[in-house]
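Below: the structure, in structure tokens.
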Amino acid sequence: MSSFNIENFIKDSVRELKAYKVNEADQHKKALKLDANESNYILGKNIKKKYADYIKDTLINLYPDPNSKNLLESVEKFYGIPPKNFIFGNGSDELISIILLSLKKDVTVNIPSPSFSMYEIIAKYNDLNAKIIKLNDENFDLPDNIALIDDKKLKNLYFFSYPNNPTGNHFNRKIIYGLLENKNNLVVADEAYIFFSDEKSFLHELPKYENLIVLKTFSKIGLAGLRFGLLFSGDKLINEFKKIKLPYNINSLTLSSIEFFLKNFDEFEKNIKKTVKQRKNLYEKLSTLPFIKVYRSDANFLLIKLNDEKYKVKFDNFLNANNIIIRNFTGGMELYYRITVGTEKENKKLIDYFTELSESL
Ligand SMILES: Cc1ncc(COP(=O)(O)O)c(C=O)c1O
């Protein structure tokens, strides 16, 4: 009998990938887990009880109802966009996938670097042409000449994480408007972190730009486990995305939960404010340490860079030994680390650890 040959079945673009590795916090050692830009605030007792009451009668024997009037109305009220112009995703990851699944092969997918890794991973296994836009070294902004590179005859899609993960800054808005003016471009404004920023959302630009897509997620404000994201766009684009979205992609418990939390959003507002305050504090404290450079951020994380290559091994060993989980990078970014802004207690712990290390270097 001939042997089973995986190459006969699975696309090269899939086989060439490495599976996404999720960090596992070591519960026994009580890890300081600040790697995934989650919110480390847990729900208060009262709201938790009300929440449990709200979802307890969810009918899990039936398929979920994504057109629940209650939910659609709550989302419309929250974002000011009518239901015909949004779809829900199992996290915004799924919505990125839906966008890329819908594209013709001759559309180039432009991805800033460094930015959120899933743009490139999903583009690759969809066999799309992914083009990397290297951000300016000094301020991580888009290169000024992007409009010149932007060939009006070619079809392009641009992903802009706004603010950008992992650098924490906003790209020059004028450049994004310039790209939107060219109708051979699709522009995705991924606003996963905009809750933590004072910048205006691109949502209100939707009536003006048919080629604009706005992504939102509730993962970064305390609901990562529910897996819920939203995609907003004009009628033409959204009607195509609706054809690709799997009918029951969001489970009933998530739908009920989102319905509840949209009505009780103060809980999150409170924690967002705390995170922004903690970000400022963490930035100031980390900035005093001579072995790292800290970058300003409008998101719920801070990017740091080791000031010298010689600290790398010692730093990594120190993180390991103390069970501190932060995000490290590859591909020329080995000296950079992204730290999620934690609770006051966690940030204090981190600062104490880093101060201790700094004194020993
Ligand atoms: C910029 C950006 N977009 C999208 C996501 C995906 O979020 P989710 O799938 O949890 O909604 C992330 C998560 O880290 C992100 O950083």
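The values are calculated or read from the model by the stated rules, or taken from the named source; none is laboratory data. From a predicted model like this one, the values you see are computed outputs, not experimental measurements. For neighbour counting, all protein chains shown are included, and Cβ atoms are generated from backbone atoms with ideal geometry for every residue, glycine included.
Does region 168-188 contain at least one residue that is assigned to a loop (DSSP other than H, G, I, E, B), small (Gly, Ala, Ser) and either within 12 Å of the ligand (Cβ to nearest atom) or in contact (Cβ under 8 Å) with a residue 40 or more places away in the chain (or both)?
Within region 168-188, the first condition is being assigned to a loop (DSSP other than H, G, I, E, B), and the residues that meet it are 168-172, 182-184.
Checking the rest, the ones that are also small (Gly, Ala, Ser) come to 168.
With the extra rule that they be either within 12 Å of the ligand (Cβ to nearest atom) or in contact (Cβ under 8 Å) with a residue 40 or more places away in the chain (or both), the set shrinks to 168.
Within region 168-188, one or more residues are assigned to a loop (DSSP other than H, G, I, E, B), small (Gly, Ala, Ser) and either within 12 Å of the ligand (Cβ to nearest atom) or in contact (Cβ under 8 Å) with a residue 40 or more places away in the chain (or both).
Would you please name the residue that is surrounded by the fewest Cβ atoms within 10 Å (Cβ to Cβ), looking only at residues in region 119-129 that are without any contact (Cβ under 8 Å) to a residue 40 or more places away in the chain and within 15 Å of Ser161 (Cβ to Cβ)?
Glu120
Hey, among Glu240, Glu210, which residue is away from the ligand (no atom under 16 Å from the Cβ), outside any helix (DSSP H, G or I) and touching a residue at least 12 places away in the same chain (Cβ under 8 Å)?
Glu210
I'm checking my understanding of the structure. Among residues of region 220-230 that are part of a helix (DSSP H, G or I) and surrounded by 22 or more Cβ atoms within 10 Å (Cβ to Cβ), which one is farthest from the ligand (Cβ to nearest atom)? Before you say what the answer is, go through the steps one by one.
Step one: filter region 220-230 for residues part of a helix (DSSP H, G or I), giving 220-221, 224-226.
Filter again for surrounded by 22 or more Cβ atoms within 10 Å (Cβ to Cβ), leaving 220-221.
Values: Lys220: 7, Ile221: 11 Å.
Looking at the filtered set, the residue picked out is Ile221.
Hey, among the residues in region 332-344 that are in contact (Cβ under 8 Å) with a residue 40 or more places away in the chain and not in a strand (DSSP E or B), which one's surrounded by the fewest Cβ atoms within 10 Å (Cβ to Cβ)? Break it down into steps so the answer makes sense when it comes.
Applying the first criterion (in contact (Cβ under 8 Å) with a residue 40 or more places away in the chain) to region 332-344 yields 333, 336, 338-344.
If we keep only those that are not in a strand (DSSP E or B) too, we end up with 333, 341-344.
Values: Met333: 15, Val341: 27, Gly342: 23, Thr343: 16, Glu344: 12.
Looking at residues that are in contact (Cβ under 8 Å) with a residue 40 or more places away in the chain and not in a strand (DSSP E or B), I get Glu344.
Identify the single condition in (1) under 25 Å from Asn67 (Cα atoms); (2) in contact with a helix residue (DSSP H, G or I) (Cβ under 8 Å, 6 or more places away or on another chain) that Lys236 does not satisfy, given that it satisfies every other one.
(2)
With the structure loaded, tell me whether Lys314 is of a type in the set (D, E, K, R), outside the structural domain of Glu138 (by TED's automatic domain parsing) and touching a helix residue (DSSP H, G or I) at 6+ places or on another chain (Cβ under 9 Å) or whether it fails that test.
yes
Scan (1) at pLDDT 95 or above; (2) in contact with a strand residue (DSSP E or B) (Cβ under 9 Å, 6 or more places away or on another chain) for the single condition Gly331 breaks and write down its number.
Condition not satisfied by Gly331: (1).
Which of the residues belonging to region 89-147 are charged (D, E, K, R) and within 15 Å of the ligand (Cβ to nearest atom)?
Answer for region 89-147, where residues must be charged (D, E, K, R) and within 15 Å of the ligand (Cβ to nearest atom): Asp93, Glu94, Glu120.
Kindly evaluate Asn67 against the criterion of being assigned to a loop (DSSP other than H, G, I, E, B), more than 30 Å from Leu154 (Cβ to Cβ) and either within 23 Å of the chain's Cα centre (by Cα) or within 16 Å of the ligand (Cβ to nearest atom) (or both).
no
What do you reckon, is Ser252 out of contact with any strand residue (DSSP E or B) (no Cβ under 9 Å at 6 or more places or on another chain) and over 18 Å from Leu357 (Cα atoms)?
For Ser252, the condition - out of contact with any strand residue (DSSP E or B) (no Cβ under 9 Å at 6 or more places or on another chain) and over 18 Å from Leu357 (Cα atoms) - is met.
Is there any pair with a first residue in region 267-296 that is acidic (Asp, Glu) and a second that is in a helix (DSSP H, G or I) whose Cβ atoms are under 6 Å apart and which are 6 or more apart or on different chains, and what are they?
Glu267/Ile47
For region 281-319, give me the residue count where each residue is in a helix (DSSP H, G or I) and over 12 Å from Tyr353 (Cβ atoms).
The qualifying residues number 13.
Of the residues Ser297, Ser233, which is in the same structural domain as Phe196 (by TED's automatic domain parsing), among the polar types (S, T, N, Q) and crowded, with 19+ Cβ neighbours inside 10 Å?
Ser233
Just give me the residues in region 278-294 being more than 17 Å from Thr340 (Cα to Cα) and surrounded by fewer than 14 Cβ atoms within 10 Å (Cβ to Cβ), in sequence order.
Thr288, Pro290
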